[in-house]
1. For Ser17, Ser163, Ser137, Ser125, which order do you get if you count the other beta carbons within 10 Å of each Cβ and list the fewest first?
2. Given a Förster distance of 30 Å, report the FRET efficiency between Leu175 and Phe126 from their Cβ-Cβ distance, rounded to the nearest 0.05.
3. Ranking Tyr16, Tyr79, Tyr146, Tyr7 by Cβ neighbours within 10 Å, fewest first, what do you get?
4. For a quick check, take a GNM of the chain with Cα springs below 10 Å and name the residue from Gly98, Gly63, Gly111 with the largest mean-square fluctuation.
5. Most exposed first by the Cβ proxy, i.e. fewest other Cβ within 10 Å, how do Thr151, Thr64 rank?
6. If you keep only loop residues by DSSP, which trypsin sites (Lys or Arg not before Pro) in segment 122-207 have at most 12 other Cβ atoms within 10 Å of their Cβ?
7. What distance in nm separates the two pseudo spin-label positions at Glu148 and Asn82, each 7 Å out from Cα along the beta-carbon direction?
8. Contour minus end-to-end for Tyr90 and Arg141, with contour as 0.36 nm per residue of separation and end-to-end as the Cα-Cα distance?
Amino acid sequence: MAKQADYAFGWFQVCYSNELGVRHVRPFHAFGREFVLWRDEERQPHLMQAYCHHLGAHLGHGGTVCDGVLHCPFHGWQYDGNGQCVAIPYSPDAKLNGRHIEALPIKERNGTICAWYHPCGEPPSFDVPVLEEWRASGWSRYRRQYWEVDTEWREIQENIVDSTHFHYLHGVNSLADVRRCEPVGHILNVDIHHQFRTPHGVRVNAD
Ligand code: FES
């Protein structure tokens, strides 16, 4: 099983926007850890460490959202979206300083919810890009498909830039025409043209 340090830093999609409704609370497993994913009434999503600062109940199982805070299902401690405990209902005089749980930076862009992960807890060093093509006219709607793949995440990344295997493994008509493969900071610009065999003959597709 992968350890936390095995994950690269960066923004990771945790779900699609329409998979998390207002006041929706759910457990979420990522980076070898347990989290609670929830959305407040202002539609702001949050991703926080799963376990309550009090006695460690998993907030993703039975936690509820009310007035912008997450209520622990066990004894009702309340957390804001930064993971700060803001109230202990049965002990209003309790000192709340230092009673908090970790919250990961989170952004909602392009119909997705993304969380920033860094194994050393460093803050985001770049933003989630806005994709102008998303919902733009002239572009077809993408289709969602789900697979469970028993692999390491690095192999998925390496598969994308391994242009040669498309011909030998996937039956693409000829070797890929790689016109550009250029890293710019955290972005990799790739322009690959494939010739796909289709019922209508060979068609060229650019990635
Ligand atoms: S375990 Fe969460 S309030 Fe007690």
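1. Ser137, Ser125, Ser17, Ser163
2. On the way: r = 33 Å, r/R0 = 1.11.
About 0.35, to the nearest 0.05.
3. On the way: Tyr16 12, Tyr79 26, Tyr146 4, Tyr7 17.
Ordered from fewest to most neighbouring Cβ atoms within 10 Å, Tyr16, Tyr79, Tyr146, Tyr7 come out as Tyr146, Tyr16, Tyr7, Tyr79.
4. With Cα springs under 10 Å in the chain, the top fluctuation among Gly98, Gly63, Gly111 is at Gly98.
5. Details: Thr151 9, Thr64 15.
Ascending number of Cβ neighbours within 10 Å: Thr151, Thr64.
6. Values: sites: Arg135, Arg141, Arg143, Arg144, Arg154, Arg179, Arg180, Arg197, Arg203; in loops: Arg135, Arg141, Arg143, Arg144.
When the trypsin sites (Lys or Arg not before Pro) of segment 122-207 are filtered for loop state and at most 12 Cβ neighbours within 10 Å, Arg135, Arg141, Arg143, Arg144 remain.
7. For the pair Glu148/Asn82, the computed spacing is 3.9 nm.
8. Values: separation 51, 0.36 × 51 = 18.36 nm, distance 5.00 nm.
So the extension gain works out to 13.4 nm.
Every read-out reported here was derived from the displayed coordinates using simple, explicitly stated rules and does not represent laboratory data. None of the values given here were measured: they were computed from a predicted structure. Reconstructed Cβ throughout: ideal geometry from the backbone, glycine too, with neighbour counts over all protein chains shown.
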